[in-house]
Amino acid sequence: MVKRAMHCKRIVVKIGTSSLIHQNGKVNLQTIDRLAYALTALNNQGYELVLVTSGAIGVGMAKLGVSARPAAIAHQQALAAIGQSELMTLYTQRFSDYGAKIGQLLLTHDVFDYPQTRQHVLDTIDALLAQQVIPIINENDSVAVDELDHRTTFGDNDQLSALVAKQIDADLLMVLSDIDGLYDRDPNRHSGAALIPEITHLSAKILTGAGGSSTRFGTGGMVTKLKAAQTMMRAGKQMVLASGRDPRIILRIVAGEPVGTWFGNVLEQVSPDNQASNS
Ligand SMILES: Nc1ncnc2c1ncn2[C@@H]1O[C@H](COP(=O)(O)OP(=O)(O)O)[C@@H](O)[C@H]1O
Ligand SMILES: N[C@@H](CCC(=O)OP(=O)(O)O)C(=O)O
């Protein structure tokens with residue numbers, strides 16, 4: 001197997017709602033557990049990790065036994081308020097099982113627009129990372145409306161994760177989704193769709209093949225993931241889009257295994273006999 005040379009130290013991992021919530025609406029505890037395990041394992045190895053997690057609304061729906069996402073913004077924001085604290089309770093339990101410490105940041109997109117608030121957020125993240133604490137970030141859904149009002153495509157955790165990764169100068173963004181990578185067409189709608197393992201240029205053809213979400217819980221679909229990839233590539237950084245079904249895939253990505261779709265400018269590969277160091 002030809003490996004990718006990842007050369008990363010600071011990593012942002014984003015996980016979407018469809019990976020955290022089962023089709024039946026219940027919370028996927030196995031995914032949360034494996035996510036906590038994989039991030040802690042890397043943290044113990046000296047990597048700097050930041051988790052951007054969706055799931056507040058999905059967990060809120062599970063908590064209240066609501067099966068359909070309500071249309072009213074206030075009701076979605078209320079579900080997010082309920083689900084966010086429940087989600088953090090689950091993360092706190094699972095991360096502490098593995099001996100890791102976590103801290104929560106709820107951000108709105110505009111915090112990076114103002115130099116002073118931007119600096120405060122960056123200083124907070126730096127201070128957490130310096131103490132080997134894993135920052136866990138979500139959009140502040142009960143305050144921010146862009147995210148919930150789907151009349152606008154601006155505002156989602158795919159783009160928030162890329163913004164955070166760029167601002168903190170992360171080397172790599174991993175986007176874990178319910179799909180195992182970028183296909184030439186939405187594989188949930190087209191049976192002959194083919195996985196694209198590497199992207200060094202986001203051509204018009206690729207952008208045209210990216211559709212919206214096809215699940216009950218996902219929001220942005222592939223469109224927002226490609227926008228995130230574009231942000232990373234423009235900043236000279238890399239992104240890997242991979243399946244969040246088993247988040248231990250994070251360890252395989254860092255090890256250079258060619259899983260999912262890799263986005264970046266220059267793809268360096270290492271043969272099995274001549275493997276580069278990952279850190
Ligand atoms: N070209 C494409 N390649 C892969 N998936 C695509 C593509 N176009 C649209 N999609 C859809 O994007 C979905 C993933 O996005 P989304 O539902 O928002 O997940 P998440 O909750 O993980 O963010 C896939 O399930 C798939 O149906
Ligand atoms: N911030 C929202 C999720 C927004 C979002 O981008 O969701 P997803 O497409 O599942 O990553 C929440 O926590 O419910």
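Protection proxy ranking for 32-41, 92-101, using the average of other Cβ atoms within 10 Å per residue and placing the highest first: 32-41, 92-101. For the chain, the fraction of alpha-carbon pairs lying more than 32 Å apart is 19 percent, rounded to a whole number. Applying a threshold of 24 Å to the alpha-carbon distances of 63/225; 14/101; 14/63 flags 63/225 as lying beyond it. With R₀ fixed at 35 Å, the C-beta to C-beta distance from residue 185 to residue 132 puts the FRET efficiency at about 0.25. Here nothing in the chain passes the span test, since no DSSP H helix has an alpha carbon length of 18 Å or more along the helix axis and a Kyte-Doolittle mean of 1.6 or above.
Could you sort the peptides 130-140, 108-118 by per-residue average Cβ neighbour count (10 Å cutoff), highest mean leading?
Put in order of decreasing packing, that is 130-140, 108-118.
In the P(r) worked out for the stretch 1-148, what percent of Cα pairs fall beyond 27 Å? Numbers along the way, then the final one.
Numbers: 2891 of 10878 pairs.
In whole percent, the share of Cα-Cα pairs in the stretch 1-148 beyond 27 Å is 27.
Among beta bridges from DSSP that stay inside the chain, the antiparallel ones total about 20%. Peptide packing for 23-31, 243-251 was compared via the average number of neighbouring C-beta atoms within 10 Å per residue; ordered from the highest value, the list is 243-251, 23-31. Note: relative contact order over the chain, using C-alpha pairs below 8 Å and six or more positions apart, is 28 percent. Here each label is just a point 7 Å from Cα along the line to Cβ, and for residue 97 and residue 113 those points are 4.1 nm apart.
Residue 75 sits with roughly 110 Å² accessible to a 1.4 Å probe, with DNA, RNA and ligands left out of the calculation.
The values are calculated or read from the model by the stated rules, or taken from the named source; none is laboratory data. Worth saying up front: this structure is predicted, and the values here are computed from it rather than measured. Glycine also receives a Cβ, built like all others from the backbone with ideal geometry; neighbour counts cover every protein chain displayed. SASA here: full protein model, heavy atoms, side chains in, ligands and nucleic acids out. Shrake-Rupley method; radii C 1.70, N 1.55, O 1.52, S 1.80 Å.
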